[in-house]
Amino acid sequence: MSAAARPLLEIEGLRTHFFTGAGIVKAVDDVDVVLERGRILGIVGESGSGKSMLAYSILGLVDPPGRIVSGRIALEGVDLTRLDEPRWREIRGARVAMIFQDPMMTLNPVLRIDTQMVEAVRAHHAVSRGAALERAREALGRVGIASPDERLRNYPHQFSGGMRQRVAIAIALINQPALVIADEPTTALDVTIQAQILSEMQALCRDAGTALIWITHDLSVIAGLADEVYVMYAGRIVESGPVDDVLDNPRHPYTRGLIDSVPSRNAPGRPLAQIRGVMPSLLALGEGCAFRGRCARALDACRAAPPMAAAGGRRLRCVNPLP
Amino acid sequence: MRIVTGEPIPVRVRDAAAQAPWRRFAEEFAESRIALFGLALLVFLAVVAIAAPWISPQNPYDLAQLDVLDSKLAPGTPAAAGGLYWLGTDDQGRDMLSGIFYGLRISLTVGITSTVIALAIGLALGMLGAYVGGWLDALIMRVADIQLSFPAILIALILLAVLGQGTGKIIAALVTVQWAYYARTVRSAALVEREKEYIEAARVLALPKWRILVKHLLPNCLPPLIVVATVQVAHAIALEATLSFLGLGLPITEPSLGLLIANGFQYLMSGKYWISFYPGVALLVTIMAINLVADQLRDVMNPRLKR
């Protein structure tokens, strides 16, 4: 297969485990992901489902006691799990970048914006300070920051939350990466800003041909943004497929539960549909479907690990799926 | 309802320089008058200490200028060589005012030098421990713990008993006593800052490790350190005075404030109070000025005390 025909990102059988004193935490367990160039992929799951650890695994930033136990992460044909640190440095921040959840925290409070942007450029390109500054100015302009010349000389605390997230996005995009991973970047923002950032992010990625992985617990964000959605539960992908398919006709009971618990889908005056129970401890998962304790459709067969089954563009890990 | 559109609300735009961290910091610091007073006092004392050779009526180190016949004179007595002993003389005929000026110079030098060296050592070890972790971190911190479990004065006494007297030696003793405070403070600050997202963001950008350490981590660990350092200068000065008072600090030919106090101690009961009293006042005022500044620094730099 030629390099061009290959998908941008291929993850096969990825397992990232944490070896803690209390036992092994399988934060990411047998995850497969395929992402084509320029596409937007949404990863949905509740807190602790392993979606952030999946992102850190892709970036090679899993800190001890965690490590990638097995599996392959191929970005542009290069297996990231086998890279040494110097090679990583060429890829991280240049080919793959990340945007974090809290824009109040991702910018260094004691450094001016220009310093932070220039060092981001110069960490990967041997250019002069002036040239790097020019790039920074363009990048700020692209994300819709007015008078970038003045703003470059500001400190992070002089920006509002939404503006800071724009700066963070500008920094992530400044080296024209092939892939950007966004870890709940709009959760800390209010809804109007959230909508703006979402549509801008979508447009920026489409224009530059950048692929985007958007991690969130909010299905309504994914609905308008992503091409494809992966639903994650307790470290495993339970359902994946084209976003309209999955949201219109969820087949995994967990996906169904997530969709039903979106407030706008509930009738006024009726109690909100909830998924009963809480996610089990990742330490005590054992074999079998991790969702079976909360699932209304659980069968005896759920005690055995459900295999991943592919059906018409959809992949599903359930022995008793919804019709 | 009608929406009234009128003049746009004028937004006060402050220029970038006015918002720079140090500028904001200076404004907040100036909010307390007592701290400003402390700072002014400290600057005054520093100027006196630096200018001591030029403003002192007498060079107290030059034995040729001392007249034993002028010993133990009360404040305000005219000197045989002309002029006035404003604060009296000690048992060797040394002008107390000159002695205090020179003593202040030595006390401040010893206090500040030892603090700066201890700060540098503590900072390096603390950052190293926090960044590397593991057995090295454990080793550094256990040594610091052991060190801090002994009273500072005891360690300094033992060291000086072994090393002998001298300015360099007392600085070495003070550094040994102090570094652990900084190592601990910077380590705890670095451990907190290290987990913040901007460090993670810097790692995602694949910035060089040393750059993350020096340009991103270090400046964010400084605020608590500056506060500790200011308080520690006062501690170092007091500790040096104590050691000198006990006769283990500086040689009698180069008296610091503590040594001047010790010098007059034996005459305190015989009514010749000024030999100990005025150096004592000078020491008190110096330490108070530093503490006033330190208190305000702590208030300004501690986000938890922000109004």
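Computed from the coordinates by the stated procedures, all read-outs in this text should not be read as laboratory data. As the structure is a computational prediction, the values presented were derived from the model and not from experiment. No Cβ is skipped: glycine too gets one built from the backbone with ideal geometry, and neighbour counts run over all protein chains shown.
Cα centroids of the stretch B:119-190 and the stretch B:235-307: 23 Å apart. Applying 1/(1 + (r/R0)^6) with R0 = 22 Å to the Cβ-Cβ distance of B:Asn59 and B:Tyr267 gives a FRET efficiency near 0.45. For chain B, the longest principal axis of the alpha carbon atoms and the long axis of helix B:274-301 meet at an angle near 0°.
Note on A:Arg206 and A:Val69: with the Förster distance fixed at 41 Å, the Cβ-Cβ geometry gives a FRET efficiency of about 0.70. Mean per-residue shielding of peptide A:100-110 is 5, counting Cβ atoms of other chains within 10 Å of each Cβ.
Counting each pair of different Cα atoms once, what's the Kirkwood radius of the stretch A:17-164 in Å, rounded to one decimal?
Numbers: mean 1/r = 0.0558 Å⁻¹.
So the Kirkwood estimate lands at 17.9 Å.
Database remark: amide H of A:Tyr233 closer than 5 angstrom to the amide H of A:Val238 (H placed geometrically; neighbours at sequence offset of 5 or more, or on other chains; Pro and chain starts carry no H). Efficiency by 1/(1 + (r/R0)^6): what FRET value for A:Ala22 and A:Ala304, r their Cβ-Cβ distance, R0 = 30 Å, to the nearest 0.05? So, using R0 = 30 Å, E works out to roughly 0.75. 3J(HN,Hα) couplings calculated from phi for the stretch B:173-182 with the Karplus curve 6.51 cos²θ - 1.76 cosθ + 1.60 (θ = phi - 60°) are, in sequence order, 5, 5, 4, 4, 6, 9, 4, 4, 4, 5 Hz; Gly and Pro show x. Based on the convex hull around the alpha carbon atoms, the stretch B:62-114 presents an average projected area of 3.9 nm². For chain B, the longest principal axis of the Cα atoms and the long axis of helix B:152-163 meet at an angle of about 60 degrees. Computed about the Cα centre, the dipole magnitude for the protein assembly as shown is approximately 1040 debye when only Lys and Arg (+1) and Asp and Glu (-1) carry charge, each at its Cβ. For chain A, relative contact order (Cα pairs under 8 Å, six or more residues apart, normalised by length) works out to 20 percent.
Computed on the stretch A:173-270, the Cα convex hull volume stands at 127 Å³ per residue.
With both partners inside chain A, how many of the DSSP beta bridges are antiparallel, as a percent to the nearest 5?
Details: 30 of 49 bridges.
Percent antiparallel among DSSP bridges in chain A is about 60.
Please report A:Glu200, A:Glu119 as a ranked list, fewest other C-beta atoms within 10 angstrom at the top and most at the bottom.
Values: A:Glu200 15, A:Glu119 22.
The order, fewest Cβ neighbours first, is A:Glu200, A:Glu119.
If a/c stays under 1.5 just call it rounded; otherwise compare a/b with b/c (prolate if a/b is bigger, oblate if not). Do that for chain B, with a ≥ b ≥ c from the square roots of the Cα gyration tensor eigenvalues. The shape class here is oblate. In degrees from 0 to 90, rounded to the nearest 10, what is the angle of the helix B:33-55 Cα long axis to the longest principal axis of chain B? For B:33-55 against chain B, the angle is about 50 degrees.
What does the C-alpha gyration tensor say about the overall shape of the stretch A:6-50? Classify as rounded when a/c is under 1.5, otherwise prolate if a/b is larger than b/c, or oblate. Show your work: numbers first, answer last.
On the way: a/c = 4.34, a/b = 2.00, b/c = 2.17.
Taking the square roots of the gyration eigenvalues as a ≥ b ≥ c, the stretch A:6-50 is oblate.
Dividing the convex hull volume of the Cα atoms of the stretch B:199-307 by its residue count, what figure in Å³ per residue is obtained?
Working: hull volume 15.2 nm³, N = 109.
Normalising the Cα hull of the stretch B:199-307 by residue number yields 140 Å³.
Comparing B:Leu45, B:Ile100, A:Ala178 along the charge dipole axis of the protein assembly as shown, the residue lying farthest to the positive side is A:Ala178, per the Cβ-charge model. Each Cα pair under 8 Å and six or more residues apart adds its separation to the average, and for chain B the resulting relative contact order is 22 percent. Averaged over the residues of peptide B:140-151, the number of Cβ atoms from other protein chains lying within 10 Å of each residue's Cβ is 0. Taking 28 Å as the straight-line reach from the Cα of B:Lys215, the lysines in range (excluding those fewer than 8 positions away in the same chain) are B:Lys196, B:Lys306.
Global size of the stretch A:240-280: 11.5, 33 Å for Rg and Dmax (C-alpha atoms, Rg to one decimal, Dmax whole). Can you name the helices of chain A, as whole DSSP H runs, whose Cα span along the helix axis is 15 Å or more and whose Kyte-Doolittle mean is not below 0.0? Span-like helices here: A:161-173, A:191-208.
Does chain A come out rounded, prolate or oblate, given a ≥ b ≥ c as the square roots of the eigenvalues of its C-alpha gyration tensor, rounded meaning a/c under 1.5 and, failing that, prolate meaning a/b above b/c? Numbers along the way, then the final one.
Details: a/c = 1.95, a/b = 1.53, b/c = 1.28.
Note, shape of chain A comes out prolate.
Adding -39500 (n - 2.57) for every DSSP H run of four residues or longer, then dividing by how many residues the protein assembly as shown holds, sets the calculated 222 nm ellipticity at -15500 deg cm²/dmol.
Dividing the convex hull volume of the alpha carbon atoms of the stretch B:69-194 by its residue count gives 138 Å³ per residue.
Of the peptides B:55-67, B:289-301, A:9-21, the ranking by mean beta-carbon count within 10 Å, highest at the top, reads B:289-301, A:9-21, B:55-67. Over the C-alpha atoms of the protein assembly as shown, the Rg to Rh ratio, Rh being the Kirkwood estimate, stands at 1.14. Its alpha carbons considered, the stretch B:212-260 gives a radius of gyration followed by a Dmax of 16.7, 49 Å. Modelled spin-label separation between A:Glu150 and A:Gln196, with each label point placed 7 Å from Cα along the Cα-to-Cβ direction: 1.6 nm.
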